[in-house]
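Have a look at the structure below before the remarks.
The values are calculated or read from the model by the stated rules, or taken from the named source; none is laboratory data. Computed from a predicted structure; not experimentally measured. Note that each Cβ is placed from the backbone with ideal geometry, even for glycine, and that neighbours are counted across all protein chains shown.
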Amino acid sequence: MNELADSRGRESACRPGLLRSFAAILRDAWLAFLDARILWLLLAAIAVLFAVALSARVEPQPAGRRYLDLAARALSADMTGIDLTKDSFTDLAGRLDGSLSWIASADPLPADADDGPGTAWSVTLARNVVPVAGSLATADEIASRFGQIPDGRLWTIREIRETTTGIAAAMGSQTWELTVDPGPDLRILWPHRFSLFGDSLELTRPEGAPLGLEVFILQKLLSNGIGGTILLLVSVVVTAAFVPTMIRKGTLELLLVRPQPRWQLIVFTYVAALLFVAGLLGLLILATWVVTGLLTGLWSPGILLALPTLLLFFAMLLSVSVFTGVVTRSAVAAMLVTVATWAVLFVVGLMHMQVVASRIREENVGRPRPVSVANALRPQPQSQPGRREKPAVARTPFHTTTVARVVETVYAVLPHTEDLDTIIDRQLMRDFAVGGRLRQLMESPDFQWARGVGLTLAHTAAFLIAACVIFSRRDP
Amino acid sequence: MHAGDAESSTFFLKFAFSALSATAMTAIEHVVSVRFLQKHYGPLRALGGVSLDVERATVFGLLGQNGAGKTTLIKILLGMLAPTSGSADLLGRPVGSVAARRDVGYLPEDHRLPEYHTGPSLLDVYGGLQGLARQERRRRAAELLDMLGLAGREKLRIRGYSKGMKQRLGLAQALLHRPSVLFLDEPTDGVDPVGRKQIRDLLLAERARGVTIFINSHLLGEVEQLCDRVAILKKGQVALIGTVPEVVGEKASWLVAFDRPVPADHHWNTARLTPAGTDGMWRLHLAPVTGIDRFLDEARDRGLHLRHLQQERGTLEEIYLQLADAGGSSS
């Protein structure tokens, strides 16, 4: 009877719960992960990258007058309801209300204050109204519209007083005296000098570049760009060995004899690898956020969104790696196939972007060229008399070519990893209001983030399920 | 229980076994029960209808040349391979089920332990997969490492282990969760003689505890010392099965020595004697239908006293080689 009870007791004690099995695989994978020397090289490389970033100096450049001018120009348009994440500057330009505004004078307050993003200004604003097309504005209208750059407020008006004389009003001319305080988003657009190693390596033009653009580039570079690429590449190399090592002859038998269904070995190893890479990515992205925050004082958390998107991208690569590892039992093959998949996705994604850009170009034919905030802020080059614009060469738009169709067809079935990148870009642009080529893509009506995420997840699941099925059915 | 019995009462027994499930374990006499097991790899026949039983708390030795089907049989029993036909039960459960593996320890041949582990960390992982609680894992790992002579090497990674150390750790992982059946493929491979003795003692202690041990080995002497029963596989079939004495058989020859010299041409009525060695030893072949008593009577009648009498037995090695030769000449 005792024997019976003992046997029952052992039976229940030896029934491994999912959690305990997973913890065991996690521990195994963790030791395998730590054993990879390349991981330590990677961490050292990333530490160097961040040390270099931390050596940067970011300083505001004098630009107050230009920004006040920009606010005045914005005043000339009816900006109500404009959302730059949806509307292009082209739309915006079409909203001119038949008036022209400019800054007649601007002086810092107090008079000896710096020309910087934290300074208040005393401003004289002048406005000319084209008769018939526009009408005279009231002080309240000016107050509600001045500085309303759509992503946020450049300026807030502390005080406004109309100084228009009767005769001027009759001629459609108005003037106001304003006292303006810097708005919360002004810093994002304010030009800053950016240099590395103290002042030794200047990376911007002398007049500086909008701080938001600098943060955007820095965050992209550290997380999505160099940092993310190195990290994911090393992660691919390290994790490619997990499954082949686990299922090699002599090691596999030691696992198959355990009371787990076989799929658990694959899925748990997959999840364990994903968790470690999530940890590394989390560290990288958090460090990026902290470093750019410390350097610039801009703490918009949009970059943190790179964790789920980069992780999803890696999840897809890892499923390819696991699948190849199960089929070939070779770490080298798993690594090569995964890197090749990455390369194919990158090239197809890049070509697809060209197709989209080409389509947008054609749609924009005849419409005013879109301008970005960043471009609008840059001093415009003086037009050179005698210099002629090159005549446009008539050629077949790229998006109508056979290559483009093939690219679109291939792209339609591949995981849309390029979309994952765009998700980050869109978020960063929302945070830092910078435009340019990326904005075009961002504004593409083709862009559906849910489809990108869904397709990537579907591919990941398909590879993983295929790996589990093959592994479960094959004789060791 | 014999094969015939099992066949005649299959339905009832299978039903009873599955219904009793875990509680039936202690009542089962045959821990391993294999019936007409076949395994084909394409045109290649690895097992051609193997039937055998292994009783509880015994050591069973599986012998055979390379490619005889020993490892295939073990892998089928452990649920790693699916048989082409036939049936196999382990601890009363059909092999291949997760439940059948819960109470089993296995040391594969040519195992490769993950080299990034230390002994304790590897046992911790395998213990976790086996469902042992953390404290139990640690306690048991320390106990086994000590028992197998690996104490003091806890910090050493497996990549720094000698072959013998790896073998000991392999054995530790098989014993970790106190399984009631052990499958050991060449358990003393690469271990020095002292270590082999330790391992033999350990296995005998496990058997005394009620553990059934299934050994696959080429070390015939060791099998002879350890095993209660053996089976010799040949080309995927059981060529011989039984207790060691049954398998090696008894010969009708004896070795005798007398208290004084006997001339070589001395005539005996009950036997024929030929010199065996230089020590006054004779090999004695009894005449047909003659017992040893008749010879002893004749010797006494002639005034001869015996200082040595020993029945000659075959060794497992002889039998094994005989079978191998038979295979060699037939193929």
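List of remarks:
- Remark: B:Phe295 falls outside the filter, which requires a residue to be under 14 Å from B:Phe60 (Cβ atoms), of a type outside the set (Gly, Ala, Ser) and either surrounded by fewer than 15 Cβ atoms within 10 Å (Cβ to Cβ) or modelled with pLDDT of 85 or more (or both).
- Of all residues in the range B:54-73, none satisfies the criterion of being free of Cβ contacts under 8 Å to residues at least 40 places away in the same chain and in contact with a Phe, Trp or Tyr (Cβ under 6 Å, 6 or more places away or on another chain).
- Residue tally, condition touching a residue at least 60 places away in the same chain (Cβ under 8 Å), part of a loop (DSSP other than H, G, I, E, B) and of a type in the set (A, V, I, L, M), over the range B:195-220: 1
- Residue that is nearest to the other protein chains (Cβ to nearest Cβ) [pool: residues in the range B:95-113 that are within 22 Å of the chain's Cα centre (by Cα) and surrounded by fewer than 22 Cβ atoms within 10 Å (Cβ to Cβ)]: B:Asp110
- Among residues of the range A:246-271, those that are surrounded by fewer than 23 Cβ atoms within 10 Å (Cβ to Cβ) and more than 10 Å from chain B (Cβ to nearest Cβ), counted: 4
- Residues that are more than 14 Å from chain A (Cβ to nearest Cβ) and surrounded by 22 or more Cβ atoms within 10 Å (Cβ to Cβ) were ranked within the range B:84-94; the one that is farthest from B:Leu321 (Cα to Cα) is B:Asp89.
- Scan of the range B:51-83 for residues that are within 14 Å of chain A (Cβ to nearest Cβ), touching a strand residue (DSSP E or B) at 6+ places or on another chain (Cβ under 6 Å) and among the hydroxyl-bearing types (Ser, Thr, Tyr), ordered by number: B:Thr72
- Given (1) more than 30 Å from B:Gln173 (Cα to Cα); (2) surrounded by fewer than 17 Cβ atoms within 10 Å (Cβ to Cβ); (3) not small (Gly, Ala, Ser), index of the condition A:Pro191 fails: (2)
- Residue in the range B:152-159 that is assigned by TED's automatic domain parsing to the domain that holds B:Leu78 and either farther than 27 Å from B:Ala133 by Cβ or at pLDDT below 90 (or both) present: yes
- Boolean, A:Ile188 is of a type in the set (A, V, I, L, M, F, W, C), touching a Gly at 6+ places or on another chain (Cβ under 7 Å) and farther than 27 Å from A:Ala47 by Cβ: yes
- For the range A:61-76, the set of residues classified as under 29 Å from the mean Cα position of the chain (by Cα) and not in a helix (DSSP H, G or I) consists of A:Gln61, A:Pro62, A:Ala63, listed by residue number.
- So B:Val223, is it in a loop (DSSP other than H, G, I, E, B) and buried (at least 21 other Cβ atoms within 10 Å of the Cβ): no
- For the range B:114-125, a residue qualifies if it is within 7 Å of chain A (Cβ to nearest Cβ) and in contact (Cβ under 8 Å) with a residue 40 or more places away in the chain, and the qualifying residues are B:Pro114, B:Tyr116, B:His117.
- The residue that is farthest from the chain's Cα centre (by Cα), counting only those in the range B:130-157 that are farther than 19 Å from B:Leu204 by Cα, hydrophobic (A, V, I, L, M, F, W, C) and in a helix (DSSP H, G or I), is B:Ala142.
- Members of the range A:259-302 found to be without any contact (Cβ under 8 Å) to a residue 40 or more places away in the chain and in a loop (DSSP other than H, G, I, E, B), listed by number: A:Trp299
- Failed item in (1) surrounded by 15 or more Cβ atoms within 10 Å (Cβ to Cβ); (2) farther than 27 Å from A:Asp181 by Cα; (3) modelled with pLDDT under 80; (4) not aliphatic (A, V, I, L, M), with A:Phe89 passing the rest: (2)
- Residue in the range B:308-316 that is modelled with pLDDT of 80 or more and part of a loop (DSSP other than H, G, I, E, B) present: no
- Restricted to the range A:104-196, the set of strands (runs of 3 or more DSSP E) holding at least 2 residues that are in the same structural domain as A:Trp299 (by TED's automatic domain parsing), in contact with an Asp or Glu (Cβ under 9 Å, 6 or more places away or on another chain) and over 30 Å from A:Ala53 (Cβ atoms) is empty.
- Any chance B:Val262 is in contact with a Phe, Trp or Tyr (Cβ under 7 Å, 6 or more places away or on another chain) and surrounded by 13 or more Cβ atoms within 10 Å (Cβ to Cβ): no
- Residues located in the range B:158-193, provided they are closer than 22 Å to B:Ser121 by Cα, charged (D, E, K, R) and part of a loop (DSSP other than H, G, I, E, B): B:Arg178
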